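The values are calculated or read from the model by the stated rules, or taken from the named source; none is laboratory data. These figures come from a predicted structure and were not determined experimentally. Reconstructed Cβ throughout: ideal geometry from the backbone, glycine too, with neighbour counts over all protein chains shown.
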Amino acid sequence: MPNFFLELKKKLLQKKKESADDLIDIIVGLEDNLGFLDPITQLLQIKQITKQKEEKEKLLLQLQKEIAKLEREIANFDISSKLTTAFRLLNYDEQRKEFEKVSAVQHFGAFLIQGSHHCGQDLLLERFQNYLSIEEDTTEKVEIDFSSNVTERPTPANIWQKIKDAMQEVQASSNNEIAREIFSKYYEGKKKNLLFIFKNTQVLQPEYNVAVIKAFWFNFLSYLPELKNPAAEAAERRKILLFLLDKGAYKTCPDGRLECRKLLSYVQYFGTDKPEDKATYLLPIIKPVDANELDLWRGAHNLPGKLGLQHDVFQQLVTDKGAFVLSAIEKICQYIHMPEIYSSNFKNFE
């Protein structure tokens with residue numbers, strides 16, 4: 001229940017409590033004036049007044065309990081809201097800085113986001129969209145899932161047809177014409193951002209993914225040379241972005257260490273093509289969060305001390321190896337006995 005409604009409910013209960021207090025005062029006043037009645041009437045009135053007083057005192061006690069409960073809920077809601085906001089800003093400093101550096105000078109680009117299953121690539125993607133103020137109603141979003149059945153997976157040969165099918169309104173047939181129609185209909189005509197998301201690219205090898213990137217993104221840029229016009233770029237603030245999400249970049253070595261060689265593989269398979277020359281950026285791989293980073297995060301967001309989130313607790317939760325961001329968030333939520341924060345806000349990013 002939103003905090004506003006909790007506060008409103010509390011105010012209503014307090015009004016009822018004040019009414020109950022007033023009634024008890026009235027009853028006490030009646031007791032003080034019984035001396036003017038005959039003994040039999042006094043006895044009847046005392047019984048009636050006593051019963052009313054007991055009922056009102058029970059009501060008052062119940063209202064006091066409900067108000068106390070609401071006060072706890074309001075306090076928990078405030079903490080929950082504060083923590084949720086803080087969690088959404090945990091980690092990703094390296095990726096954020098690189099993305100913001102590119103976004104400051106151009107409005108189009110392809111970005112490879114790599115990590116493990118619990119690195120929260122979709123959460124990072126959400127942060128990028130928020131940073132650029134990309135809203136759903138002003139954006140044409142196209143998602144292509146690489147984890148679909150083998151016969152339905154994107155290939156360098158069919159990626160443009162996959163894009164066309166996902167956008168539904170596109171009628172063109174050749175790759176060049178599809179690109180031109182997407183640009184003219186959505187970007188120029190409907191004044192929308194274009195957001196392409198290739199999900200679960202980890203199911204395919206880097207060599208294969210690079211071939212798909214070249215077939216789609218490199219060609220997309222070549223079909224639309226006006227994108228690289230500095231004057232148009234300065235005047236046009238809408239974005240054209242491609243994100244590739246890889247949730248299997250790490251492997252566990254026999255000694256327990258985490259290792260990632262995929263980034264080097266991607267660089268290798270681009271060959272003589274420098275990715276950045278084609279507005280393609282291999283973002284730094286997402287690393288585990290350690291206790292020191294969590295200390296800085298807690299201080300930056302002024303989290304209340306009563307949560308007990310001290311350095312030794314963080315060390316216990318993430319160990320010396322650290323933990324990927326979603327795992328760290330889940331463990332913190334369990335430690336403070338608020339698992340619903342994770343299940344309601346972050347589990348869908350796994």
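Tabulated values for the structure
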item	result
Residue under evaluation residue 242, criteria (1) part of a helix (DSSP H, G or I); (2) at pLDDT 95 or above, criterion not met	(1)
Some residue of segment 253-260 being surrounded by 17 or more Cβ atoms within 10 Å (Cβ to Cβ), without any contact (Cβ under 8 Å) to a residue 40 or more places away in the chain and not small (Gly, Ala, Ser)	no
Residues that are among the acidic types (Asp, Glu), in contact (Cβ under 8 Å) with a residue 40 or more places away in the chain and exposed (fewer than 15 other Cβ atoms within 10 Å of the Cβ), drawn from segment 135-147	143
Residues of segment 143-183 classified as polar (S, T, N, Q) and over 29 Å from the mean Cα position of the chain (by Cα), total	9
Segment 257-285: number of residues that are within 17 Å of residue 221 (Cα to Cα) and either in a loop (DSSP other than H, G, I, E, B) or out of contact with any Phe, Trp or Tyr (no Cβ under 6 Å at 6 or more places or on another chain) (or both)	8
Answer from 312, 295 - the residue that is in contact with a His (Cβ under 8 Å, 6 or more places away or on another chain) and over 24 Å from residue 101 (Cβ atoms)	295
Looking only at segment 77-114, and only at residues there that are modelled with pLDDT under 90 and either of a type outside the set (Ser, Thr, Tyr) or assigned to a loop (DSSP other than H, G, I, E, B) (or both), the one that is surrounded by the most Cβ atoms within 10 Å (Cβ to Cβ)	107
Residue that is surrounded by the most Cβ atoms within 10 Å (Cβ to Cβ) [pool: residues in segment 148-177 that are of a type in the set (Val, Ile, Thr) and either outside any helix (DSSP H, G or I) or modelled with pLDDT of 95 or more (or both)]	159
